[in-house]
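Please treat every number below as a calculation from the coordinates, not as lab data. Computed from a predicted structure; not experimentally measured. Note: ideal-geometry Cβ built from the backbone for every residue, glycine included; neighbour counts use all protein chains shown.
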Amino acid sequence: MTYAFQHLQREATQRWQDLHAQTWVRIGTGLMGDAAGARETVAAMRYDVRHAGLSATVSEVGTWGLCYAEPLVDIVTPGGPRVLYANVGSDRVSELVATHVTTGQPKVEWALASVESDVPGLPRVENLPMMRYQVRIALRNAGHIDPVELLQYVARGGYEGLDKALSDMTGQDVLQEVKDAGLRGRGGAAFSTGTKWGFLAGNPAPQKYMLCNCEEGDPGAFNDKTVLESDPFSLIEGCTIAGYATGASNGVVFVRHGHDAPIQRVRSAIRAAYAAGLLGANILGTDFSFDMEVSLVGESYVAGEETALMEAIEGKRSMPRFRPPFPAAVGVWGKPSNINNIKTLAYVPEIIRQGAEWFTGIGTEKSAGTAIACLSGHITYAGLVEVPFGVTMRQIVEEMGGGTPDGKAIKLVQTGGPLGGMLPSDALDIVLDFDEMAKAGAMFGSGGLIVADETTSVVDLTRNLIAFDQMESCGKCFPCRLGMGHLLEVMERICTGEGRPGDLELMEHVGKDMRAGSLCGHGQLGFNPVASALKAFGDEFRAQMKGHGPIRITPFVGPRSSRRGAQLEEETPTSQVKGDFVAHIQPVARP
Amino acid sequence: MTDEINITIDGQKVRTTSDKVLVQAASDAGIYIPYLCYHPGMKPYGACRMCVVEVEGVPGTPASCTLPIRDGMVVHTNANPATEVRGTILDLLLSEHPHGCLTCHRVDLCGPQDICLRHVDVTDRCVTCPKNERCELKDTTRFHTQGLNSPLNYQYRELQVETKDPFYDRDYNLCIVCARCVRACDELRGDVALTLTERAGQVLVGTSMGESLLEAGCEFCGACIDVCPVGALVESDFKWETPVRVEKSVCQECPVGCEMTYEVDKRGRVIRAIPELNAPANRGQACFKGKFGFKQVNNDTQRTKTPLVRREQVLEDASWDDAIAIVAERFASYKGAQFGMLVSPRATNEEMYLAQKFARTVMNSNNIDSPSNTRPGVLDGLHQVLGYPAATGSVWDLKEAACVLVVSANVTEEQNVLALPIKQAVRAGTQQLIVIDSREVELTRFATLWLRPYPGTDLALLGGMLKVIWDEGLLDEAALGQYLGDTTALAASLVSFTLDTVSAETGVHRDQIVDAARRFATAGPASIVYALDNVSTEAQTVASRAIAYLAVATGNLGKPGAGVYPLRPGANDQGAWDMGMEPRYLPGYHPVDDLDARRRFEEAWGSELPVLPGLNAKAMLEAARAGALKALFVVGDHAAYHDGTLGDLSDALESLDFLVVSDVFLSPLSEHADVVLPASTWLEKRGTYTSLERRVQPLKQVFQAGSTTASPDYHTIARIASHMGAAGFDNHAPEAVLAEAAGLIPAYAGISYQRLLDEAVSTPRPSTDNPMPTQVMYSEQVSMGLQWPCPASDAPGMPTLYGERLANAANTVRPPLEWMGLERDEDAEFPFLLAHGRVLAQPTHSLEVAKGGRLNRIEREECFLISPGDAQRHGLEEGQAARMVDKAGRKAWLGTVRLWENAHIGVANLTTLFGELAVQVDGSEHPDPMNHVPRLEVVPVRIEHV
């Protein structure tokens, strides 16, 4: 262990004790907390605590993933139990301050669960339906610590991995450890991370880039953003370790413009890491140096594609480059680069700290560790869950997510983002596993699970997905630029009951050549939604084609491929416009 | 990196090199793979996916334009699913591209002009497309014989055709978004005027920031038109004409020596100029002058059709025989110093050689010059220090330079293509650019460092830089010893160029001078490009000497990327000097007062030569005014007399006894003439030009104007000479004249017209039946020219001079530098010097392009930038409305006074837009509009209240 880290850890322990020496109120103010009004809750809490003359720390933290319960307030008094309160609007703050914060007695009737201790009349948090199967690695600190306070991160085991790597291991050892752990990329392609790093490590160039991708434009996916806003140090530490393993000199965190909380938090975390000597020259007093910065891009789904991302970092229009040359040879600014998903890197510190064997012990044989799934759509408990691979989809959706809110039957689960597929309800027993899912034609992708109940029209849902994919095509390669438009046009006419004989074959024909001919994954996978819908719900399509008449169109905002499409949407009231793609944040009924 | 490898394409063994992409390797081996977005002049892009193939052992269908090749690779270009993917892509393309005729079953029965009565919208027909039968998409669709009954719905984009910009018509209904134009603008030209707009199915090509081309920074080089595969981008003139014949020749607009393919239609008109892709000097590029400035050749109405002879004050038609007889008879009485001859810088080497031979042997006068030769000092310094008055390297070597110093040169407008290697390298980050200019030229936008000296003080600045290099020990001692030997005199002469004096003289901060010197001396191979536009005639020789010494002192000679490039305006100015069409030199740079040389030439020409050095162009006109020069023979090209550098001509011409003008058009010049002889344009004759990189290139006869009896000037001169009884003008065919010249000029000894044609480089191409970009189709048999010195018929040309020693190594006396302070004569009436500039994008100025008919007019508020002190002195205030009037009275501007602390005392700045020029040329009724490009001159002006 380095001397610098010993010192840092001592400081962190002290800080952790200090925090627990007085009342500590933690309020989740991530994207979801914000959406539910957590900012006002924080302001009210600070005001009331100050005016009550109490000495309590009020921290803004990340999210537990229990979106349905946001704003979530977490109160612990010295020596008292730690209790989570759900749906605490600013109007409830005074009461909580008057009770739990002042007296140390939990206000049980408002509480959701207790943490790390038993409170009569309250479930333990891990016994909540949504927490049931969870094993938290990437989200290990989410909700527990102030994301931008380095000492809190260190107090919970942070930077032990980097310290271990720098003091006891060579870069090659680290690389081997990651390989042995069987870590696979969480961005969608599920490629072996160790192997990928190996490509970069093998390039002797002096300047190499480790890029961290938080474009995350998938509707219904919000796990990268959550990691960034709940625990940015885990990414920074992971990226630094990756830099050490591959010999990279620079790290760039790439975030979509508009993800405000993640951007602010990762920026201040990077500043804090620099201040503590954990980034920059001679990290922890060793010979290893590594720099990190944040790069933003305008809204573009394709910017998440690794080569388009590099174009965007260089300030160009984000359109994919052809490969080869692969990024490990010629990447951003022409320098060798490696692109990793945020979540992937967040696993790395724990893998180094606890060893590859520990990690392979979790999950399935081919898919080690855990997966973060984002539940949205027609579901009771919307939010974020981190489960080990091997859990079934039904367990996630029905047990953890609590099924549909109004008891309707689940019709399907849309997985893997808008280029992913659909799992019909009878296929939900599928085990969560990269390869199993891919085999079933429903890739796990970035982890978005959108649940649709029996009232959903698959045809309309498919059209909506295609509309998204069409709008988000960058327009560079011909098959994708033109093919997506025609797929959408056909889907639109099927929806309006004007489907023609041969339309399904036409889509398959275009889709097949898009898959074969497109430049990047967007066009290659662009036909996926239709393909998987046809596979599982072919009958519904055929029925719709046979004079079923027009169905309700869920509108979609974006440039139109066809005049007909624009007309269709003009006819639809704009109040419906947000569509089915906004994470379904529905407060539970107040007790 | 480039290994020789073997691959197999469609069963055919192909030997190729590993640096090629597959589509190129196949094409070179004669195997065609269809493509639409790929263009051999640009980096692969991988968008159209038409070139997909199958490679054994590689999953899927990779695109062959982005696929690196490996030894032993086995490729199938025509197997499924690759062909199927191509078919689908064509279906998809035609679903948004008008294709009524293309998919019509009767198309083979249709003639190109047939009016079709079927139910296809006019906008959907190929026959209403300007690129009909020249369209790569049409050719590719035909080539791909798969059935064309696409089930996809067709949607016409219904966009307005953009016809309001000069030169271009843009019809984005036809665009297939291959982005070739965008990439050409960005990658090849460095201008980024075009960009992709929107995304997904709506993606299209637009201008940067959605403004007009003028505002977006377009230089109207036409590179985007040249690469467009469909009719989306076309030249607005002769838009609908199809060529029946093409011929290559060399552009006559500037000395870069761009090789162009000229298309000729069935009416015998030259309709388009397409820069040659594989030409050594331009590499597929041209500029607005070369691309669009040739239409005067077709101007039948204004061309001189027959010789004209002045009888009783009126020019009357005459026969050639009569005219020649009159000229010969009158010339016979003006032999000696009372005769002068001015020959256009656009004349061929052969004409120049004949002209000076005529003047010297027949007329016994050394008064022979080119009207563009008004600043010989630009080369004299190089001549004195290095030996040859010519650029030391090649144009595209500039791309290899780690640093380029541009001194008072408006390169992008006057020698446009020369700026490309600089712009490309700067944008690639491999080059630092230092610009020394009082004016704002386009390259200042690309400059790492822009030094803005007081107009006319460039020499002091160059000397200052040299002194810094000397004082700081940044010299390349080895090179100095190798090239110069003793340098004590030079070192001593630098004493006057101290930083303090230079800084005071030029107004440039000393730190900037030091910075520039250090960058230039230490960056790596460095080149100097200079025209010395702002430097007074007296100081030019010393300034060019300073430039030569800068190059030698830093070891920047004799290797690619290191050298000096003097810039002159005329296409064949280099040839003019080489051929001895200069009052001071016989062919091959022998001074006329060199007795030995004169003997040799007298022997060769069988005639006595005049002893006294002649008068240059300016001096000839002075002599005419004074009555000493009585007869003048002006050959070609009135345009050269229009830029004002020769002053007001009319009184000089009026004082002459006898004026003969041989020109293409009747002009203000011929109004004074006693005899006018109709001349052929450069596209109607054979011969050679020598470009600024010393490259001798062949001109070919592209067409013959039908309505005129015009004759090439070499023929005219020879006829007059023969009629005057002179021998040695009988065999005046260009081939023979060049052979005669080559026998007398050692540097040309190995060059012959036939050799220039024979040594054309032929690029292997798949069958001509295959659809290909126009530039590729035209790029077979490209003349590479020969760069002199080329001493023997088996010797290659010499791209880089002075590999080991200087050409005048034996000459140990080289003049050092001398301090020439600028005399600032206070002109009370015109107290300011106007240093205007040409930059397009000016965020602080809002501008509006008013479009009316074929004219674009830019409306915006002009700002006169002056220093606060000057403003006080002349009673001007910030924000005041004012008028600026130039001394020559040629132009006046209205604008607002703005105070700027960085302005030099006595200098006013004003930014002219590049577009202003495009407006003028497009609006001009003149038969030769391109020559009226206004120069960026430093002129005295006055600013007055309005």
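Based on the Cβ-Cβ distance of B:Glu56 and B:Arg142, what FRET efficiency does E = 1/(1 + (r/R0)^6) give at R0 = 25 Å, to the nearest 0.05?
Step by step, r from the Cβ atoms, then E = 0.25.
Full extension from A:Arg46 to A:Met1: what is 0.36 nm times the residue separation minus their Cα-Cα distance, to one decimal in nm?
The span from A:Arg46 to A:Met1 would gain 12.3 nm if fully extended.
Pick out, from A:Ile379, A:Phe468, A:Phe444, the residue whose Cα sits farthest towards the positive end of the charge dipole of the stretch A:374-469, with +1 on the Cβ of Lys and Arg and -1 on the Cβ of Asp and Glu.
With unit charges placed on the Cβ atoms, the residue in question is A:Phe468.
From the Cα gyration tensor of the stretch B:119-214, with a ≥ b ≥ c the square roots of its eigenvalues, which class applies: rounded if a/c is under 1.5, or else prolate if a/b is larger than b/c, or else oblate?
Prolate, because a/c is 1.5 or more and a/b exceeds b/c.
Using the alpha-carbon atoms, what tilt in degrees (0 to 90, nearest 10) does helix B:510-522 show relative to the longest principal axis of chain B?
60 degrees
Can you pull the one-decimal nm distance between simple spin-label points at B:Glu472 and B:Asn6, each 7 Å off the Cα toward Cβ?
Spacing of the two 7 Å Cα→Cβ label points: 5.7 nm.
Starting from the Cα gyration tensor of chain A, take the square roots of the eigenvalues, sort them a ≥ b ≥ c, and report rounded, prolate or oblate (rounded when a/c is under 1.5, otherwise prolate if a/b is larger than b/c, else oblate).
oblate
Please give the FRET efficiency for B:His945 paired with B:Asn902, using the beta carbon to beta carbon distance and R0 = 22 Å, rounded to the nearest 0.05.
With a Förster radius of 22 Å, E is 0.35.
Positive end of the dipole of the protein assembly as shown, charges at C-beta (+1 Lys, Arg; -1 Asp, Glu), about the Cα centre: which of A:Thr195, B:Asn572, B:Leu443 has its Cα farthest in that direction?
A:Thr195
Subtracting the Cα-Cα distance from 0.36 nm times the residue separation, let me have the gained length for B:Ala325 to B:Glu823 in nm, one decimal.
174.2 nm
Quick one: compute the contact order of chain B, relative version, from alpha carbon pairs under 8 angstrom and 6+ residues apart, as a percent.
After rounding, I find 14 percent.
Would you mind counting up the charge near A:Leu412? Only other residues with Cβ under 11 Å from its Cβ, with Lys and Arg at +1 and Asp and Glu at -1.
-3
Averaged over peptide A:319-325, how many Cβ atoms belonging to another chain are found within 10 Å of each residue's Cβ?
Mean shielding by partner chains, rounded to a whole number: 4.
Can you compute the modelled spin-label distance between A:Gln207 and B:Glu878, with each label point 7 Å from Cα toward Cβ, in nm?
4.1 nm
Run the helix sum for the protein assembly as shown: -39,500 (n - 2.57) per DSSP H stretch of 4+ residues, divided by residue count, reported at 222 nm to the nearest 500 deg cm²/dmol.
Theoretical 222 nm ellipticity from helices: -8500 deg cm²/dmol.
Based on the mean of other Cβ atoms within 10 Å per residue, sort peptides B:360-367, B:522-529 so the most packed one is first.
B:360-367, B:522-529
Suppose a student asked you for the relative contact order of the stretch B:545-623, using Cα pairs under 8 Å spaced at least 6 residues apart; what percent would you report?
Relative contact order, the stretch B:545-623: 17 percent.
Using the Cα gyration tensor of the stretch B:364-446, with a ≥ b ≥ c the square roots of its eigenvalues, what is the shape: rounded (a/c below 1.5), prolate (a/b larger than b/c) or oblate (neither)?
Prolate, because a/c is 1.5 or more and a/b exceeds b/c.
Using only Cα atoms, locate the centre of the stretch A:22-84 and the centre of the stretch A:493-536, then give the distance between them in Å, rounded to an integer.
48 Å
Need one number: nm distance between label points at B:Gln313 and A:Gln176, each 7 Å from Cα along Cα→Cβ, rounded to one decimal.
10.7 nm
Determine, for each peptide in B:93-102, B:51-60, B:869-878, A:475-484, the mean count of other beta carbons within 10 angstrom over its residues, then list the peptides with the highest first.
Peptide ranking by packing, descending: A:475-484, B:93-102, B:51-60, B:869-878.
In peptide B:189-200, how many Cβ atoms from other protein chains are near each Cβ within 10 Å, on average?
4
How large is the dipole of chain A about the Cα centre if only Lys and Arg carry +1 and Asp and Glu carry -1, each at its Cβ, rounded to the nearest 20 debye?
With only Lys, Arg, Asp and Glu charged at Cβ, the dipole is about 740 debye.
For the stretch A:449-479 and the stretch B:156-228, what is the separation of their C-alpha centers, rounded to whole Å?
Taking the Cα centre of the stretch B:156-228 as reference, the centre of the stretch A:449-479 is 31 Å away.
Rank these for me by crowding, B:Glu684, B:Glu622, A:Glu109, B:Glu608, going from fewest to most other beta carbons within 10 Å.
Least crowded to most crowded, the residues run A:Glu109, B:Glu608, B:Glu622, B:Glu684.
May I ask you to list the residues of the stretch A:464-485 whose amide nitrogen lies under 18 Å from a point 7 Å from Cα along the Cα→beta-carbon direction of A:Lys316?
A:474-478
Given a Förster distance of 25 angstrom, what is the FRET efficiency for B:Glu603 paired with B:Asn808, based on the Cβ-Cβ distance and rounded to 0.05?
Given R0 = 25 Å and the Cβ-Cβ separation, E is 0.50.
Less than 19 Å from a label point 7 Å out along the Cα-to-Cβ axis of A:Glu95: which backbone N atoms in the stretch A:55-80 qualify, by residue?
A:69-76
Take every residue in peptide B:75-87, count the Cβ atoms of other chains within 10 Å of its Cβ, and give the average of those counts.
2
So what's the angle, to the nearest 10 degrees on a 0 to 90 scale, between helix B:595-605 and the longest Cα principal axis of chain B?
60 degrees
Neighbour counts of other C-beta atoms within 10 Å: give me B:Val21, B:Val417 arranged from fewest to most.
B:Val21, B:Val417
Taking the highest mean first, how do the peptides B:540-548, B:572-580 order by number of other beta carbon atoms within 10 angstrom per residue?
B:572-580, B:540-548
Give me the net charge of B:His76's neighbourhood, meaning all other residues with Cβ under 9 Å from the Cβ of B:His76; Lys, Arg count +1, Asp, Glu -1.
Net charge around B:His76: -3.
In degrees, nearest 10, range 0 to 90: what is the angle between the Cα axis of helix B:713-723 and the longest Cα principal axis of chain B?
Roughly 40 degrees, rounded to the nearest 10.
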